[in-house]
Structures are given as structure tokens and as C-alpha cells.
Amino acid sequence: MGKILENLHLTLLIGLVLAVALGFHFHHELLNSPPAWAAVFRWLHVFFGITWIGLLYYLNFVQIPTMPTIPAELKPAISKYIAPNVLFYFRYGALFTVLTGLILAWLNGYVAEALTFKAGFRLIGIGMWLALIMAANVWFVIWPNQKRALGIVPAEDAAKAKSARVAMLASRINTLLSIPMLYAMATYQSLGG
């Protein structure tokens, strides 16, 4: 069992197989029905959302505040190995959260209503717009600036420092927006409107 768990991809595959087995066991009569597809995309939306927001919180609660205390000779380990991997999963977590969320809203028949704040869909619409703003922030502000700050693309030291600050501030904006976004998403599921 230890060898299996040492391999992340195998661990994820086994988790996926177990989830599919659970879904089949408890809902086999719903296969190929709209509620089954909505359930699959809700599950995927939550999985990718946990990945995205979990890494956002890791970056803001752990990595950013800890970086000033790390000795200079150890910082390259973070900037060359850990941060690029974190940012890969962070970016694609954001992308797949948005895609699965839009598919879920489409399957449930309320994409247009939510995105235009129709009565009964305002709360989920606010959550969706906040998530879209946050995802755009990830791809068009945080990631380009992090590429310079981490030396993934060439930049002068002054440009790296400025990019690091811009990326941090954009990440803090996403942290701020994540709180009402999560409230809107979770509350809509419980209370509607």
C-alpha cells in the first residue's frame, strides 16, 4: 500500500475509481439522466474548487508570509521547484473550477439567469461573477507577474521585485473575493436566491 500511495497519479486514479464505484452503486438507476450529469459536474466543480482555493489559501496563509523568514540560500528551492508546481495546479484548478461551474449551471438551466442577476439567481450570479473575476486575475495578472518574479521568463531584478508585489496584491484580492464568493456559492445551494 505504501508504494501505491507514494505515486500521486496512482493515488488520484484509485480515488477516482472509488468515487465512480460509489456513484454507480448508489445511483446506477440514474445513469445517463440529467441529474446524474449534474451530480458529476457538481462533484468535479467542488474538487477543482478545493484545489484552487486551497492553493490560494496556502499561498496567502503560508508561503507568502513565510518567505521573508527563509534563509537566502534556501529560497531558490521555493522559487525554482515548489512555487512553479503550486502555480500550475493553482492556474488549472481555477480554469477547471470555472469550466465545471459553467457546465453545472448550464445543466441546471440557469447560466443566463445567474450571469444577468435575474430574481432567484442573484446570489449564485454574484458568486459566479466573483469566481470569473478571480480566475481572470489568476491567468492575466498573477501568472504573468509570477513568471517574471520567479525567473521563468527573463526580467531585471527591479522588474522581478515589482512583479512579485503585483502578484502578491492580486493574490490578496482573490483571497478577499474568495470569502464572499464561497458564501454566495454555499448559501445559494442551501437557500437559493
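Tabulated data for the structure shown
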{"quantity": "Any chance ALA186 is modelled with pLDDT of 95 or more and either in a helix (DSSP H, G or I) or under 18 Å from PHE48 (Cβ atoms) (or both)", "calculated": "no"}
{"quantity": "Residue match in the stretch 39-52 (condition: at pLDDT below 85 and at negative phi)", "calculated": "no"}
{"quantity": "Which listed residue, of ALA158, ALA167, is at pLDDT 95 or above and over 23 Å from LEU55 (Cβ atoms)", "calculated": "ALA158"}
{"quantity": "Hits in the stretch 111-166 - residues which are among the aromatic types (Phe, Trp, Tyr) and either touching a Lys or Arg at 6+ places or on another chain (Cβ under 8 Å) or closer than 30 Å to ALA77 by Cα (or both)", "calculated": "TRP139, PHE140, TRP143"}
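The values are calculated or read from the model by the stated rules, or taken from the named source; none is laboratory data. If you're wondering where the values come from, they're calculated on a predicted model, not measured in any experiment. All Cβ positions, even for glycine, are placed from backbone atoms using ideal geometry, and neighbour counts span all protein chains on display.
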